[in-house]
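All of the numbers you see were taken from the coordinates with simple rules; none came from a lab. Predicted model, so just to flag it, every value in this text is computed and none were measured. Please note: Cβ atoms are built from the backbone with ideal geometry, for glycine as well, and neighbour counts cover all protein chains shown.
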Amino acid sequence: LLWKESWELGKNPMASKGSPLHGPRIKLIEKAQNLFAETKEHAFESKAAEEHAKLLRIQHELEVSTKQAIFVDSSISDTIRTCIALGNHRAAMKVKTEFKVSDKRWYWLKVFALATAGSWDALEKF
Amino acid sequence: MAQIPSLDNSSLNLKYVREQSQRELVNILKNIRGKKCLVIDPQLSGSLSLIVPTSTLKDNGVELRHLEAEIIQTDCTKVIYLVRSRFNLMRFICSNVHNDISKGIQREYYLYFVPRREVVCEKVLEEEKVHHLITIGEYPLYMVPLDEDVLSFELDFANKECQVDGDTSSLWHIAKGIHKLESLFGVIPNVRAKGKASVRVADILNHMQVEEPVNSPDIAVSEINTLILIDREIDMVTPMCSQLTYEGLLDEFLHVSSGSVELDASIMGGQQEGKKMKVPLNSSDKLFKEIRDLNFEVVVQVLRQKATSMKQDYTEMTTTNQTVSELKDFVKKLNSLPEMTRHINLAQHLSTFTSKQTFLARLDMEHTIVEAQSYDICFEYIEELIHKQEPLVSVLRMLILFSVTNSGLPKKHFDYLRRELLHSYGFEHIAMLHNLEKAGLLKKQESKSNWLTIKRALQLVEDTDTANPNDIAYVFSGYAPLSVRLVQNAVRSGWRPIEEILKLLPGPHSEVKRGGFSSSPSFDTLRGNSTALDRPTHGRRSIVLVVFVGGVTFAEISALRFLSAQEGMAYDPIIMTTKIVNGNTLAETYMEKWG
């Protein structure tokens with residue numbers, strides 16, 4: 001029953017996708033995280049919810065600082081790619097450490113992002 | 001080329017099934033006089049196009065529309081809705097009716113549910129206060145003949161509904177379909193089922209027989225000798241592998257839907273760029289019938305051979321004097337030219353996909369996974385797919401294949417890959433992971449995998465010459481589909497000899513002999529016939545109805561056809577399925593879409 005309840009909560013923020021009210025959405029996800037945390041077998045889901053909330057916060061900040069509404073609702077990998085493509089390496093690095101992105105994945109993302117941005121020089125150096 | 005297959009060569013009179021459905025629809029239309037607007041559920045249009053040609057509808061004074069979110073504009077005073085029982089469709093209907101009311105337009109509304117009405121849907125209409133305005137009926141279209149040996153229920157989500165949502169209404173639907181066939185062709189004496197859903201279907205079928213016995217005394221001996229029911233759940237390995245038959249590849253890359261494929265006209269040698277065209281694919285096309293089940297490598301050779309021989313004929317024709325009969329032969333050959341061009345174009349288009357390095361690497365990896373020898377290589381390959389953010393469906397196919405053959409992944413890897421998936425594709429996919437876990441397609445390893453035992457016992461990995469195959473393994477260039485191996489055994493000797501293996505696979509199995517008439521007391525006098533039912537029908541090839549609950553791939557159908565063409569196999573298969581599927585369409589049903 002608990003599983004179901006938290007599941008509904010987890011679903012909710014998705015249903016309200018695209019709504020400008022990110023604040024309540026993050027709160028909902030955090031609530032789901034706590035519900036998941038109440039049982040042992042949902043540790044993974046709880047962690048995922050926690051990361052999801054964190055990601056939304058960071059994306060929000062990024063949108064404010066870059067003044068471009070292109071971050072929210074993209075995945076962690078996408079966020080890193082967008083940052084690199086925009087030349088904002090510091091932000092990309094921050095996301096990387098924040099979510100403990102493995103080097104393997106990091107390098108793939110970097111190569112792809114640099115290629116899309118057409119920064120062949122940077123690709124060469126790297 | 002007709003979109004509707006001719007069905008003339010069918011071993012079972014499927015034409016009759018189609019005509020019955022056609023008649024029922026035409027009757028509905030005829031009973032509503034005058035000009036009318038037929039608004040159909042877009043999901044049904046494929047099935048309907050296989051039942052009635054559009055011209056027949058037009059002859060009955062029908063204006064054809066699709067039911068969508070937009071309001072339908074029409075001058076007709078009579079509107080007929082033909083829909084499946086879905087909530088969103090009910091909403092569309094309501095908004096249409098409300099729109100008319102607000103504009104003060106009066107119309108007659110008819111609503112036909114396919115295949116049967118459901119109370120919950122009518123409740124929606126009642127809440128919206130339109131129920132009393134609509135005349136409600138049923139159009140009992142349960143199955144559609146896709147070709148001379150394939151019937152489909154066209155239930156897109158049957159597999160997921162059963163595995164995740166616990167919604168088993170599709171099972172009733174399947175049983176009803178089989179029961180309908182029995183009422184036409186007689187009670188099937190031998191029933192063999194494997195899997196939870198299949199056994200349920202067999203049970204429901206028996207109940208139907210008791211409640212509503214097939215009582216056609218003129219059919220003393222059933223035309224169908226054996227019914228084999230197989231759950232898709234038992235073999236999720238096969239659909240996740242890339243099909244390598246011609247028809248299978250067409251489905252993998254271009255997606256065959258209701259017996260035809262839609263693609264750019266330019267590919268087929270058309271003039272206009274960007275225009276879409278439909279190419280029908282069924283056995284009325286003689287060349288397609290010949291090559292559909294072959295391994296694609298061979299198809300290319302066959303086409304080349306045919307083209308060269310035609311060229312030879314042509315040069316002979318221009319150089320030497322011909323008798324009239326020889327001319328006639330030549331012209332006859334020329335008639336097959338459009339078919340030739342069609343398939344050469346298609347094959348050429350396909351080879352642009354199959355020659356890609358990534359595709360070949362993928363095939364290689366699929367075989368490595370099925371062999372189940374080098375766990376680490378497979379793991380790293382999938383990890384890399386995720387890191388590179390390859391299309392999610394293709395990653396899922398690999399993951400499912402990997403998880404199923406290993407009966408789950410070790411906890412560490414399971415959590416790691418799930419986390420990487422969420423990071424790469426977004427957290428919204430957590431619902432999908434949950435679905436897959438619930439269906440047992442991607443899960444934590446709890447016990448040692450018995451895939452190796454199954455693989456060995458049923459000889460699933462077999463080397464076979466694709467050009468001159470001696471085993472069904474040719475359809476996947478070296479892997480024999482588990483599902484078809486089971487059918488092969490079930491036809492040959494029933495379940496008993498392979499009982500040990502069956503126990504390793506999920507779900508129960510059952511084997512029932514039905515006396516046919518014994519269950520209905522009024523036919524007691526005919527009981528003597530029940531022994532005769534066990535014999536294959538008088539010298540004719542017996543018919544085996546193979547039902548795949550949860551979908552079947554073209555490659556598996558090809559394998560079944562191949563088996564029946566082998567020496568000593570005195571049966572013709574009729575394949576029945578909830579839907580023709582492939583790894584992509586199957587995996588997609590598990591990816592939940594948000595409002």
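Overview of values
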item	result
Highest to lowest packing among B:330-342, B:233-245, scored as the average C-beta count within 10 Å	B:233-245, B:330-342
Whole-angstrom Cα spans of the range B:16-67 along principal axes, big to small	28, 22, 15
Rg/Rh ratio calculated on Cα atoms of chain B (Kirkwood radius)	0.98
Too-long pairs where the Cα-Cα distance tops 28 Å, listed order kept, from B:Lys278/B:Lys333; B:Lys278/B:Lys438; B:Lys276/B:Lys356; A:Lys27/B:Lys129; B:Lys412/B:Lys438; B:Lys176/B:Lys276	B:Lys278/B:Lys438; A:Lys27/B:Lys129; B:Lys176/B:Lys276
The protein assembly as shown: calculated mean residue ellipticity at 222 nm from DSSP helix runs of at least 4, using -39500 (n - 2.57)	-16000 deg cm²/dmol
Under 28 Å from B:Lys328, Cα to Cα: lysines that are on another chain or at least 8 residues apart	B:Lys286, B:Lys289, B:Lys306, B:Lys311
Gain on full stretching of the segment that runs from B:Lys276 to B:Asp75 - 0.36 nm per residue minus C-alpha separation	69.4 nm
Mean shadow area of the range B:357-397 over all directions, Cα convex hull, nm²	2.7 nm²
For B:Glu108, residues with placed amide H under 5 Å, excluding near neighbours	B:Lys78, B:Val79
Amide hydrogen neighbours beyond the local backbone of B:His509, cut-off 5 Å, H modeled	B:Gly195
Measure of compaction for the range B:236-372 (Cα Rg per 2.2 N^0.38 Å)	1.27
Förster radius 45 Å - calculated FRET efficiency between B:Asn27 and B:Glu339 (Cβ-Cβ, nearest 0.05)	0.80
Extension gain (nm, one decimal) between B:Ser55 and B:Thr135, 0.36 nm per residue minus Cα-Cα	26.2 nm
Estimated vicinal HN-Hα couplings, Hz - the range B:425-437 in sequence order (Karplus 6.51, -1.76, 1.60; Gly, Pro = x)	10, x, 6, 5, 7, 5, 5, 5, 4, 5, 4, 5, 5
Built amide H within the under 5 Å cut-off of B:Lys444, gap 5+	B:Leu409
Cα-based shape type of the range B:41-145, given that a ≥ b ≥ c are square roots of the gyration tensor eigenvalues and the cut on a/c is 1.5	oblate
Surface/4 estimate of mean projected area, convex hull on alpha-carbon atoms of the range B:311-419, nm²	10.8 nm²
The protein assembly as shown - Rg and Dmax from Cα coordinates, angstrom	28.4, 91
